[in-house]
1. For a Förster distance of 30 Å, can you work out the FRET efficiency between the beta-carbons of Gln37 and Asp187, rounded to the nearest 0.05?
2. Determine the dipole magnitude for the chain: charges of +1 sit on the beta-carbon of Lys and Arg, -1 on that of Asp and Glu, nothing else is charged, the reference point is the Cα centre, and the result goes in debye to the nearest 20.
3. Convert each backbone phi in the stretch 244-252 into a coupling constant with the Karplus relation 6.51 cos²θ - 1.76 cosθ + 1.60 (shift: θ = phi - 60°), then list the ³J(HN,Hα) values in order as whole Hz, x for Gly and Pro.
4. Angle, helix 217-226 long axis vs. longest principal axis of the chain, Cα atoms, 0 to 90°, nearest 10?
5. Pairs of Cα atoms under 8 Å, at least six residues apart: use those to get the relative contact order of the chain, whole percent.
6. Could you run the Karplus curve 6.51 cos²θ - 1.76 cosθ + 1.60 with θ = phi - 60° over the stretch 121-126 and give me ³J(HN,Hα) per residue in whole Hz, x for Gly and Pro?
7. Of the peptides 191-200, 234-243, 91-100, 147-156, how do they stack up when ordered by the mean number of other Cβ atoms within 10 Å, highest first?
8. Given the Cα-Cα distance of Trp134 and Ala116 and 0.36 nm per residue of separation, how much length would full extension add, in nm?
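Read-outs throughout are calculated quantities, based only on the coordinates presented, and are distinct from any laboratory measurement. Since this is a predicted model, take the numbers as computed values, not measurements. Because the Cβ atoms are built from the backbone with ideal geometry, glycine has one as well, and the counts that use them run over all protein chains shown.
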Amino acid sequence: MQIKFYGVRGSIPTPGVDTQGYGGNTPCVLLTSQSGQQLILDAGTGIRLLGQELATGREELVLLLSHNHWDHIQGFPFFAPAYQPGRQIRIIPGKTLNAEHDAILRQMSGEFFPVAPEQLPSRVLITPQDADQWHLGDFFIQRCCLNHPGSGSAYRISADGQAMAYVTDNELFPPQQEFTSRAQWLDFVAGVDVLIHDGQYLDADMPYKLGWGHSLVSQAVALAQDAKVKKLVIFSHDPARTDQQLDQLAQDLSHQQPEIVMAKEGVELWC
């Protein structure tokens, strides 16, 4: 299974000279199985770049959302396949406290965007899943609830005998309601080949940002170690985090186990 990053930044896009190395686009990740089947994770601004690559095809596209906060859906109005006549795009929403399954399309109302959803020439299907595990072609998908305002879904996805987990916007030790305990997270991500986990904050950000719905890098590292993950990818970089700071963080963590990398636009991983 191939993993390619198109957007790795949290909260808001951050273009500029200080972020061009790792990228300023908000979350979007593409999974590709050995047979070529693809699965898109989230629709932040990174999905615009992905759409340029996919716009020549005709196959159905499947988009799996973690939740409806704007940085995870804001790129969809600029997703080129949505403007292909007859192209089918299936959207599977995350499991949020407020079941607003069509939020990704409602952002395209006339108040916010010049093209209304009903004007799209593509065929966009929103198909909520009631179950917490299901098969989708080559992929076996499991999910659990994010510790984040309004909650959402983390995913464990298996294909070709390998497994990865996508856990973005997740506070491992929330001061408010805990939807998933650390013990449950340990079970959920146990032994995965690649864990993509929220690492938006550093120790210096606390206690001011406690309860904002994101984890410390040190907490993500400890989870990966205790769950015996093979590789940890720190994801959802803070908007204020510069390339220089991320380089330093990567260097500081280079002696740790398992292997730890900073998510970076354009990078491809295999698991």
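1. According to the calculation, E is roughly 0.65.
2. Dipole magnitude for the chain comes out near 420 debye.
3. 3J(HN,Hα) across the stretch 244-252, in whole Hz: 4, 5, 5, 4, 5, 5, 4, 5, 4.
4. 80
5. Taking the mean separation of contacting Cα pairs over the length of the chain, I get 19 percent.
6. x, 7, 10, 9, 10, 9
7. Numbers: 191-200: 25.0, 234-243: 20.9, 91-100: 18.4, 147-156: 22.6.
Output ranking for 191-200, 234-243, 91-100, 147-156: 191-200, 147-156, 234-243, 91-100.
8. Residue separation times 0.36 nm, minus the Cα-Cα distance, leaves 3.3 nm.
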